[in-house]
Amino acid sequence: LSLFGMFLTLFLEALFIFRPLLLNLFRREQQYHQLLTEMESEISDRIHFIAFHDPLTELPNRLSLLERIKTAIQAVEQSQNHLVVISIGLDRFKDINNSLGHDQGDDFLVAIANRLDTTAHEHNGVAARITGDEFVLFLNNKVKTLDLMRILRQLKLSIIQPLELNKRTVQIGASLGIAVFPDDGVQAEELLLHANQAMRVAKTDGGNGFRFFQPTMTVNMACKMKLEQELRLAIISNQLELFYQPKIRLTTGEITGVEALIRWHHPEEG
């Protein structure tokens with residue numbers, strides 16, 4: 001054989017021997033790239049879900065809720081429809097964590113979240129978890145006052161239904177605060193804040209009830225915060241003066257004890 005013929009023979013043999021191997025490697029590389037693409041897509045979807053959902057209940061989180069409210073506001077600004085934000089705070093939820101443990105508390109929150117989500121879907125709304133034991137129900141369709149009262153009642157009955165946890169029956173109430181667009185705010189953050197303030201008032205008034213937002217709520221909370229800050233400053237600045245008032249037995253005139261009283265010399269209020 002000539003030198004050319006020998007090289008040609010070796011080339012053909014190598015082609016038939018290595019061709020299946022090369023094709024197999026090529027197919028594996030394609031599968032590898034496809035797997036990487038699927039993993040990147042799955043990771044991207046998971047990151048997006050985590051960014052906009054509560055990890056425990058899988059409800060939309062505060063960020064997701066604000067975006068939905070903003071979108072709804074843009075859609076109804078021309079139609080003059082009302083949007084309703086209902087802030088929901090569970091009453092004495094800490095008692096569940098303290099008595100049954102945080103794991104059982106988490107199970108309870110998931111159960112409540114499922115109930116709220118069911119109620120939200122019945123009324124074409126969205127249920128979200130804001131933080132801890134606080135949720136929000138957002139209704140982005142036109143709701144009449146009578147319908148809203150029925151929804152509030154349905155919410156309370158849904159939350160108060162007993163739940164079995166670790167062979168124990170647990171029942172809890174909730175405080176609800178309501179803010180309505182555009183009467184109680186024209187921005188998503190403002191509506192959420194005002195609904196939360198109304199819920200705080202309902203909780204302060206004894207819980208297991210609801211309150212509609214009133215502008216005085218913002219003023220009262222601002223005054224309370226101002227008073228707390230000024231009191232902290234008063235302690236540092238020695239604005240407080242201690243007095244002892246004796247307690248006297250009237251029959252004998254004997255001093256039986258004292259009451260300690262603090263007088264605050266406020267630089268502006270006196």
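The values are calculated or read from the model by the stated rules, or taken from the named source; none is laboratory data. Treat the numbers as computed from the prediction; the structure is a model and nothing was measured. When we count neighbours, we look across all protein chains shown, and the Cβ atoms used for this are built from the backbone with ideal geometry, even at glycine. Keep in mind that these areas ignore ligands, DNA and RNA; they rest on the heavy atoms of the full protein, side chains included. Shrake-Rupley method; radii C 1.70, N 1.55, O 1.52, S 1.80 Å.
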Candidate set from the range 51-79 (those that are open to solvent by 100 Å² or more (accessible area, probe 1.4 Å) and part of a helix (DSSP H, G or I)); member that is farthest from ILE112 (Cα to Cα): GLN74
Pair list, Cβ under 8 Å, 6 or more apart: the range 146-171 residue over 21 Å from ALA128 (Cβ atoms), other residue surrounded by fewer than 15 Cβ atoms within 10 Å (Cβ to Cβ) and among the hydroxyl-bearing types (Ser, Thr, Tyr): PRO162/THR169
The range 182-193, subset out of contact with any helix residue (DSSP H, G or I) (no Cβ under 6 Å at 6 or more places or on another chain) and open to solvent by less than 20 Å² (accessible area, probe 1.4 Å), residue nearest to PHE135 (Cα to Cα): LEU192
Residues that are assigned to a helix (DSSP H, G or I) and under 18 Å from VAL126 (Cβ atoms), drawn from the range 148-189: LEU148, ILE151, LEU152, GLN154, LEU155, SER158, ILE159, ALA188, GLU189
Selection from the range 84-114 of residues that are open to solvent by 30 Å² or more (accessible area, probe 1.4 Å) and under 15 Å from the mean Cα position of the chain (by Cα): ASP106, VAL110, ASN114
Residue that is nearest to GLN197 (Cα to Cα) [pool: residues in the range 223-266 that are in a strand (DSSP E or B) and of a type in the set (Lys, Arg)]: ARG263
Looking only at the range 219-233, and only at residues there that are at pLDDT 85 or above and open to solvent by less than 80 Å² (accessible area, probe 1.4 Å), the one that is nearest to LEU157 (Cα to Cα): CYS223
Test: residue in the range 135-149 that is of a type in the set (Lys, Arg) and either crowded, with 22+ Cβ neighbours inside 10 Å or over 16 Å from PHE93 (Cβ atoms) (or both): yes
